[in-house]
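Report on one structure; see the data block that follows.
Here, each number is a calculation from the coordinates, and none is a lab measurement. Computed from a predicted structure; not experimentally measured. Ideal geometry is used to build each Cβ from the backbone, glycine not excepted, and the neighbour counts take in all protein chains shown.
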Amino acid sequence: SLFKMKSCFIEFGINMISPQSQAFRAVLFGECMLELQGQAFGAMQQSFGGDTLNTAAYLARCSASTGLAVDYATAVGEDPLSTELLRRWAQEGIGCTLVHRHPRRLPGLYQIQVDPQGERTFLYWRDQSAARAYFDEALTPLEAAADTIDLLYFSGISLAILDGDGRDRLIALAERLRARGARVVFDNNYRARLWPDRSIAQAWYDRAYRTSTLALLTLDDEMLLRGLSGEAQGLDFAHALPVEEVVVKRGAQPSCVRMNRQGWTEVPTVPVERVVDTTAAGDSFGAGYLAARLQGLAPAEAAAAGNALAARVIQHRGALIPHAAM
Ligand code: ADP
C-alpha cells in the first residue's frame, strides 16, 4: 500500500523526494503546552494542547491507513511530564524522533480557568518553555533530518515563539525543502500578544507566505494582523498572496479556496446545531484538508473534508476528541 500511495502522490504531482525513507513524511513544527483546567485552588484536570500538535494528531488519525508518516518537531524537557507528553503523542501515531529534550527547560503551561458561570479564561506560563529554545542547538533534529522531509507545516504561533535567529532558521529550512520540491504549509494563526508589534509579525508572515506552497488562513486573524476591515478586503488580500494554493477559514461561513491565480471556490461548512467547544476547529480543518489533498482529492473536496472534521471537533469538549467520535 506504500507503493500505491507513492504512485498516487506522483499522479497528483507531489514528487516523492526521499528515496531513503519509506513513507511520505510530513513534519509539523511548533509548541505543545501542558494544560490544566479547573477552578482556582480546586481540582485541576491535566491535558495538553497546541495548534500544530493538534493538527499533527488529526493528520495522523486521518491518514492511519495511507502510510503517511507524521512527525512532530518541538522541544520538551527531561522531566516526567515531558516523558508522558511524548508517550501520548506516540499513542496518537505521531513520530517523536525530531523532538529535542532540553536539559534545563520544561514544557510551557496554560490553565483554563473556569468560573462558576462557565466562562473560560486562559492563563499562560510559556515565556521560558523548552520549545522556544528549539533553535538554540547548533543543528536541530529538524534540520538534521531535512533530506527526509516531504512536507513541512508550521504556523504563525510556531514563528511567534522563536527569536529572530530561530525564525530565520525555520524559514531557511522551508526554503531549502521547497527548492527540492517538498511541500511547505503555513497556517496563519495570529496571536497578537505573542508579538512585540504588528509590523514585525507582518514581515515574518510575508516571508512565510513567500516560501509556502499552501497557506491556510483564518480570515479574522489575517485581518487583525494587516489592519483590514471588512471581509471583502480580507479576501482580496488573501487572494493576492504569492502562494499557489490558498484556503480561507471563516468560522461557520463557507470556506474559500483558490489555486494559482484563479477565482475563489466557496465550500459550505457543515451545519452544527450545538457548538460545544471551538478549540482546535481551525487545526483540525487543516489536518482534514491536508490529509485529503495528500490522498489526491482536489482543493474543494479537501475543504469539504476539513469542514466535516472541524464540525465534529467543535461538538466535543477539548482539542482532541475521542477516537470513537471521529
Ligand atoms: P480558527 O479555529 O482557526 O479560528 P475558524 O473559526 O474559522 O478558525 O473555524 C475553523 C473551521 O471550523 C471552519 O472552517 C469550519 O470548518 C469549522 N467551524 C467553525 N465554527 C463553525 C460553526 N459554527 N459551524 C460549523 N463549522 C464551524
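Taking 7 Å steps out from each Cα toward its Cβ at N260 and L123 produces label points 5.4 nm apart.
With coordinates expressed along the principal axes, the C-alpha atoms belonging to the chain extend over 56, 44, 43 Å, beginning with the largest. Applying both filters, DSSP loop and at most 13 other Cβ atoms within 10 Å, to the trypsin sites (Lys or Arg not before Pro) of the stretch 235-307 gives R261, R274.
Here the gap between A324 and T97, fully extended at 0.36 nm per residue and compared with their Cα-Cα distance, gives a gain of 79.0 nm.
The sum of -39500 (n - 2.57) across all DSSP H runs of n ≥ 4, divided by the residue count of the chain, sets its helix-only mean residue ellipticity at 222 nm to -11000 deg cm²/dmol. Comparing A138, A303, A23 in a Gaussian network model of the chain, where Cα atoms under 10 Å apart are tied by springs, the biggest mean-square fluctuation is seen for A138.
What separates the Cα centres of the stretch 186-242 and the stretch 270-300 is a distance of 20 Å.
In plain terms, the chain from E244 to D163 could stretch by 26.4 nm, reckoned as 0.36 nm per residue minus the Cα-Cα distance. Return, ordered by residue number, the residues of the stretch 283-321 whose backbone nitrogen is under 11 Å from a label point located 7 Å along Cα→Cβ of D277. Residues passing the 11 Å test: 314-321. Assuming R0 = 51 Å, what is the FRET efficiency of M44 and R180, from their Cβ-Cβ distance, to the nearest 0.05? That gives a FRET efficiency of 0.65. Between D71, D127, D147, the residue with the greatest mean-square fluctuation in the GNM of the chain (Cα pairs under 10 Å linked by springs) is D127.
Straightening the chain between E84 and V114 buys 8.3 nm, computed as 0.36 nm per residue apart minus the Cα-Cα spacing. Annotation note: chymotrypsin sites (Phe, Trp or Tyr not before Pro) in the stretch 22-67 located in DSSP loop regions with a Cβ neighbour count of at most 11 within 10 Å are F41. Distances between placed amide hydrogens fall under 5 Å for S255 paired with V267, T269, all partners being 5 or more residues away or on another chain.
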